[in-house]
Each structure stands twice: as C-alpha cells, then as structure tokens.
Amino acid sequence: MRLIALSCLLFTATAWPAEQRKSQRDYDLGVRFEQAAQWKQALDAFSASISADPTAPAYLHRAKVQLALNLPEKALADLTEAIHLQPQSAEAFRARGESYAKLGDHKKAIDDFAKAIDLGDGISQVYTARAASYEELGYHQLAVDDDSKAIRLRLDDPAPWKGRGIALTALGRFRDAIDDFDQAIRLKPDASAPYLERGFAHGQLGNFELAIEDLDRVLRLDRNNGRALALRAAAWAKRENLDKAIEDFTAALNLMPKDQGLYVARSAIYAAMGDHQKALADRNEAVRLKPDSAEAYLARGGSYHELGMHDKGLADRSEAIRLRPDLAEAWCARGSAYFLLGDYFKAIPDLEQAVHLKSDYAEAKEVLAKAEKAIAENQPATEPATIPAAALEPEQIPEPPHSVVELPVARSAPVKTAVVEPEPVKPEPVTPKQVMPEPATLERVRPAVNMKSAAALYQRGHDLLYQGKYRESIEELTEAIRQQPDLATAFNARGFASYLLRDYAHAIADFDEAIRLNPKYPNAYQNRGLARKASGDAAGGAADAAKARDLLR
C-alpha cells in the first residue's frame, strides 16, 4: 500500500513539470506567432498554454491577440484574470484600459491607464490613450495636458500631436490646433486624419479655401470618407458654390443613407437654390429616419410654408416645440409664421418665449416689436393669400445643421420678418468637437425633455388658450408660474385668458405682475389697457395703450 502511494506521488511530481514545460513551449510559440501578426495561430497557441498551465503572461498575450482581432470583450475577461494572478502588472492594466476604451467605457479606461502609470508604465502611448478617453468624455483640457506629456516623452509620434490638436479645436483654439496638425502631418504625411481635422479647423476660422484643400487631400487618400465629404459640402456652400455642395452631400448620403443630419443639411442647400420640392423630400426623409428630431420638423415646416401649405407648416413647428420646448428657434419660427399670416395675438406669445429662452435673439425681438406695433395700431388680423417667398428662407447661404458641420462665415444683415429656416442649435457643452461629431454619430442624442418644465407647461397653456379652452389654459399657466415665478410671459398669457373669460380683476392682477417683472413689456400694457377699458376704467385703458405705443417707438 505504501508502495502504491509513493508511486502516485512520484507520478504527480513528474507530471506537473511536464505540464509546465508544455505550457511554456505553447507560450513561446504563441509569442512568435504574435510577433509575425499571425493572430489565429497565436490565439490557438496561447489557449493551449493556458489549458496546460494558466499564467498571467499567457492571459495577457492572448488578450493582446484578441484586441488585434477586435474582440475587446474577450480581451477584457483575459486581462481581468491576468490582473487577478499578477496584481502589479502595469502592462495588463494598460491593455485592459485599451479594452475598456474600445468598448466605450472611458471612465474605467482612464482608471486603468492611471493605474498603469502609477505602476511605472508612464510611457508616451499610455498618456496618449488616456488623453483620447478624456477627449471622448469632454474633458478637453485634461486631454491637452496628457497629450502634452506624451509629446514631451516622445517628439516623433504623430498620435499625441493629432490628439492635442483635436482637443484644442474643441476648446476653440483653432490656430494652436492647426500648428499641432501641421506637426502630425510632417511626421506622417500619408495619414488622412490630420488633414481632416486641420480642414475642419480652417473652416472654423473662415478659411474655406484652405479647408477645401485639406479635405481634397483626405478624399484622395480615402475616397469614401463621409465626414470629409460633408465638411467639404458645407465649405462649398459657404463659398456659394451650391452645385458642388449638393454633389458632396449626395456622395456622403450614398455612403451613409441613414444619416438624418445629412438630409437636413442637403435640404438647406436645395431651399437656398429655391428648389423647395426637393428640400421637402429631404426633410420628409429626415423626419422618417428620426421622428423625435425637433430640428427636422422645424426645417420641414419651412418647406411647407414655402409651398403654401401653412397648416402643415404650423403643425410641424408646433411638433418641434413639443419635442424641444427649450428650442428658441422653434418658437421664433412659429411666431414669425403667425405674424406673416396676420395672426398677431398668436405670434406675440411665441416670440416672447423665443426671447425669454434666448435673450440676445435679435430676429425674434424685431418680429415681436412689429407684431406689438400692429396690435397697437389696431391693424386687422387678416390672413394673406401667400407669404412672401423671401421671408421663408434665409437670404444668406443656410448653415448645415450642427450635427454635420458648422463652418462660420460673416453673415449678411438679418432677415427682417421671416418664417425662417432654423439657425444651427448648439448642443451642450458648445464645443466644435460636439458641433462636428464623427460620421457614425453625426447627430448627438439629445436629453429627454422634461414635459413638466415651465416652458412645456407654458406651451400647453398657450395652445389651450388659442383653442378656446380658457380655464384649462389657466390651470397649465398657473402651474408654469408655480415652477417659474418670474415668467412674465406666463402671467401675461394667463391674464389674457382671464380677460377672455371676462374675469377682469384677475386679468388686471396678472398683467400688473407681468409689468412688474418686465416694465418694458408693451404687450402686457396693451392687454391691461383692454382689460381696464372693459372693466369701466376708460382713462386707465387709454393710459396703458399710450404706454404700449411709447414702448414700441
């Protein structure tokens, strides 16, 4: 019996080193395959090594092969096991950070890169990788700092120069960004990405010729670069070469037929060319592809108005407001439409809300003043047969939507009174990088609208008011006031609802509060004058009407 036990012990002792030797042979073979970029053979060899004797180096190298094969989930599992077996492996933390970055989990990627640096792996590539994750999360200055460290550690690597240029672009430092892209191009002149980013930066500075030159280079290197086509299309539009803009947008759409932002962009060019049927077709497709896009409805409303379909135009502007009650351009567009249709009482609350949301909105202020003046002068609210075509689309070349590109250019004088195409709407935070995301995500997903916000409640109250549902309107406006007690437009609207119910005391009280909040509110004076006159205070009514006229001068 003792002899049998001793034999088993000797067998185990000899078998274990044999397994280790086999594991080492398979590991060495895997390394050779890995160095030769023979990924499938390397994967099999490392798997055999792990089966014989699971070690941290085998898991680490198999993970590297899986990353090369674009299998980040499997790489992540192997790297976690490698770190479990060897917790002080800086290389494993670095590789796991790369896996997290490929999977889009940039916060965890940053943590692992930091751990790799703490463990002594503070090389240029790690700082460059962490900078890229910082940039993805919108931490532009931290990205600049890390790329700067990477550049100091290795001056001949184009990656941190390009990365820092992208971050500087996001910070609005376009000239500094161009310097960095220049250096990246000097180090690697056959790479398309630095030309693309430099072209974008030139466009932001209004240097459209230089932008087009860079984008031409990108397309010579990569003929199917959709982002380059979209950027060049926008630059052609700024140069007023609309045919070439259409050609490039169409080519981009052939590559990305489901990109809603590109349809909106091309439609703006068609509208500028006066081809409103084609503009409408593109905007219909934009709405179909993204039915929750307020900008698409807003743009399509402009096409409907141009084609004389005013009911549909107003419906689309109302839907844009429902989707984005914080979108000043939507309120201005609908208010302008009401104004041009002669419905001044409906125009004024919309235009007031546009100014409330965007205090420097010159166009909304201008149309609002004209609407208030029309009421003060007792002009009839009749609906004209048509809206002047010049008022429906902007006189200047339309900006493509923010989701594609925004290349600034000196603007002409603002349109005087218009049912306008929407101005580009900047997402938060406003940075050029967010203005021009990558083609795969050309339109940034917007946060869900809080339908209980004061703006949303005001909108519902406003709609109910003009549907003749005065009591329901008062309920919504009262809740809006509860949420935002300084909302003068809500007091004015509620007062008007009370006036229509012949509840003059409550109407006057609301108009008083609207005027207290905004002493230069001509519409509130006009409305209070009507309520005072109706309640028997003819002198007070006349005084308020005179004050409204004075404010409008």
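Read the figures in this text as sums done on the coordinates, not as results from a lab. The structure displayed is predicted, hence computed values, not measured ones. Cβ coordinates were reconstructed from backbone atoms using ideal geometry, including for glycine residues, and neighbour counts include every protein chain displayed.
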What is the Rg over Rh value, at two decimals, for region 189-286, using alpha-carbon atoms and the Kirkwood definition of Rh? 0.99
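On full extension of the chain, what length is gained from residue 107 through residue 136, given 0.36 nm per residue of separation minus the C-alpha to C-alpha distance?
Numbers: separation 29, 0.36 × 29 = 10.44 nm, distance 0.98 nm.
Separation in residues times 0.36 nm, less the Cα-Cα distance, equals 9.5 nm.
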At q = 0.09, 0.18, 0.22 Å⁻¹, what base-10 log of I(q)/I(0) does the Debye formula yield for region 450-553 when every alpha carbon is treated as an equal point scatterer in vacuo? -0.21, -0.78, -1.07
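Provide the gained length on full extension for the span residue 37 to residue 220, in nm with one decimal, where the gain is 0.36 nm per separating residue minus the Cα-Cα distance. Mind showing how you got there, number by number?
Working: separation 183, 0.36 × 183 = 65.88 nm, distance 2.86 nm.
Result for the pair: 63.0 nm of gain on full extension.
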So if I take the centroid of the Cα atoms in region 454-524 and the same for region 285-320, what is the distance between those two points in Å? 28 Å
From the backbone phi of region 360-366, what are the Karplus-calculated ³J(HN,Hα) couplings (6.51 cos²θ - 1.76 cosθ + 1.60, θ = phi - 60°) in whole Hz, Gly and Pro given as x? 9, 7, 4, 5, 5, 4, 5
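Please arrange 232, 239, 175 by how many other C-beta atoms lie within 10 Å of their C-beta, fewest to most.
Working: 232 29, 239 16, 175 10.
In increasing order of surrounding Cβ atoms, one gets 175, 239, 232.
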How long is the gain from residue 486 to residue 84 if the chain were fully straight, where each residue apart is worth 0.36 nm and the alpha carbon distance is subtracted? 138.9 nm
What residues have an amide H closer than 5 Å to that of residue 139, excluding those fewer than 5 places away on the same chain, when H is modeled at 1.01 Å from N in the peptide plane? none
Based on other C-beta atoms within 10 Å, arrange 318, 303 from fewest to most. 318, 303
³J(HN,Hα) computed for each position of region 514-520 - Karplus, 6.51 cos²θ - 1.76 cosθ + 1.60, integer Hz, glycine/proline x: 4, 6, 4, 6, 9, x, 10
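Compute the orientation-averaged projected area for region 71-204 from the convex hull of its Cα atoms and round it to one decimal in nm². Could you put the intermediate results ahead of the total?
Values: hull surface 31.9 nm².
That works out to 8.0 nm².
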When a/c is below 1.5 the answer is rounded, else prolate if a/b is larger than b/c, else oblate, so apply that to region 507-553 with a ≥ b ≥ c taken from the square roots of the Cα gyration tensor eigenvalues. oblate
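Which value results when the Cα radius of gyration for region 1-160 is divided by 2.2 N^0.38 Å?
Details: Rg = 19.7 Å, N = 160, 2.2 N^0.38 = 15.1 Å.
Relative to the 2.2 N^0.38 Å estimate, region 1-160 comes out at 1.30.
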I want to check the label-to-label distance for residue 77 and residue 247. Put each point 7 Å from Cα in the C-beta direction and report it in nm to one decimal. 5.2 nm
Tell me the label-point distance for the pair residue 187, residue 156, using the 7 Å Cα-to-Cβ offset, in nm and rounded to one decimal. 1.1 nm
Is the shape of region 31-73 rounded, prolate or oblate, going by the alpha carbon gyration tensor and its root eigenvalues a ≥ b ≥ c, with a/c under 1.5 for rounded and a/b larger than b/c for prolate? oblate
Roughly what would the spin-label model give for residue 471 and residue 239, points 7 Å off Cα along C-beta, in nm? 6.5 nm
